[in-house]
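First the structure, in the form of structure tokens, and then the observations on it.
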Amino acid sequence: MLSLRLVAGALAVGVGLATVACAQNVDPAPPHFLLGASKGDNGTVNVRVVECYGGTLKAFDIERVGSNNVRSPLWRIEAENAGGVTFARGQEQTITVGSTPTGMREVLPLAASLPQAEKLSVGVNFTTQPSASYGFSFRVDDIEPGKTWIALGNGKSLSNEEFSSEVGEVCKSST
């Protein structure tokens, strides 16, 4: 999908910029977003999204990542008309996979529950200044009960309190 290709390109550019910055002993720009996945009480998957600068969510999708990185779309939502989901600066929003938030419309319905052991990829597209696309990959089996899995390094689980604290640190370093 286009948004995930943009995410991959943005991530590749970000890695390239970080490499150049390190080679020149300059700190790379800090991240200004945080994404994580947690499980709801009824087994649903919640994607926790924070955009430190604020903005409007325009699209969200989740795909299965198969062998040779072949992607199969599982669910996609997009903004209704000029709408979307508005994110206040540094404020967390939770998107429950399969449940369409107000201001969004379902473009590709979730046909079945998410595969538990397969790699999944999430793409998030915002209108901010400038507009941004983010993404991360995870396996539902990697999400521990009562914790949020985030894609830092090889991925790690944080308690809900630790995730909130991480939001504060990430957004503080973005200002």
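The values are calculated or read from the model by the stated rules, or taken from the named source; none is laboratory data. Quick caveat: nothing in here was measured; it's all calculated off a predicted structure. Using ideal geometry, Cβ is built from the backbone for each residue, glycine included, and neighbour counts are taken over all protein chains shown.
Kindly establish whether residue 44 is among the polar types (S, T, N, Q) and either in contact with a Gly (Cβ under 9 Å, 6 or more places away or on another chain) or at pLDDT 90 or above (or both). Criteria met by residue 44.
Summed over the range 60-75, the residues that are in contact (Cβ under 8 Å) with a residue 24 or more places away in the chain and either β-branched (Val, Ile, Thr) or surrounded by fewer than 20 Cβ atoms within 10 Å (Cβ to Cβ) (or both) give a count of 6.
Matching residues to (1) over 16 Å from the mean Cα position of the chain (by Cα); (2) without any contact (Cβ under 8 Å) to a residue 24 or more places away in the chain; (3) buried (at least 18 other Cβ atoms within 10 Å of the Cβ); (4) more than 23 Å from residue 52 (Cα to Cα):
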site: 77; (1), (2), (3), (4): no, no, yes, no
site: 101; (1), (2), (3), (4): no, no, no, no
site: 104; (1), (2), (3), (4): yes, no, yes, no
site: 118; (1), (2), (3), (4): yes, no, no, yes
site: 135; (1), (2), (3), (4): no, no, yes, no
site: 155; (1), (2), (3), (4): no, yes, no, no
site: 158; (1), (2), (3), (4): no, no, yes, no
site: 163; (1), (2), (3), (4): no, no, yes, no
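Kindly indicate whether any position in the range 80-93 is at pLDDT 90 or above, in contact with a strand residue (DSSP E or B) (Cβ under 9 Å, 6 or more places away or on another chain) and closer than 27 Å to residue 43 by Cβ. Within the range 80-93, not a single residue is at pLDDT 90 or above, in contact with a strand residue (DSSP E or B) (Cβ under 9 Å, 6 or more places away or on another chain) and closer than 27 Å to residue 43 by Cβ.
Within the range 137-150, track down each residue that is out of contact with any helix residue (DSSP H, G or I) (no Cβ under 9 Å at 6 or more places or on another chain) and aromatic (Phe, Trp, Tyr). Spell out the reasoning first.
Taking the range 137-150 as the starting set, the residues that turn out to be out of contact with any helix residue (DSSP H, G or I) (no Cβ under 9 Å at 6 or more places or on another chain) are 137-145.
If the condition is that a residue be out of contact with any helix residue (DSSP H, G or I) (no Cβ under 9 Å at 6 or more places or on another chain) and aromatic (Phe, Trp, Tyr), then 138 is the only one that fits.
Do we have residue 92 as surrounded by fewer than 17 Cβ atoms within 10 Å (Cβ to Cβ) and either within 14 Å of residue 35 (Cβ to Cβ) or of a type outside the set (S, T, N, Q) (or both) here?
Working: surrounded by fewer than 17 Cβ atoms within 10 Å (Cβ to Cβ): yes; either within 14 Å of residue 35 (Cβ to Cβ) or of a type outside the set (S, T, N, Q) (or both): yes.
Criteria met by residue 92.
Name the residues in the range 28-87 that are within 17 Å of residue 166 (Cα to Cα), of a type in the set (Gly, Ala, Ser) and part of a strand (DSSP E or B), would you?
Within the range 28-87, 36, 37, 38 meet the criteria.
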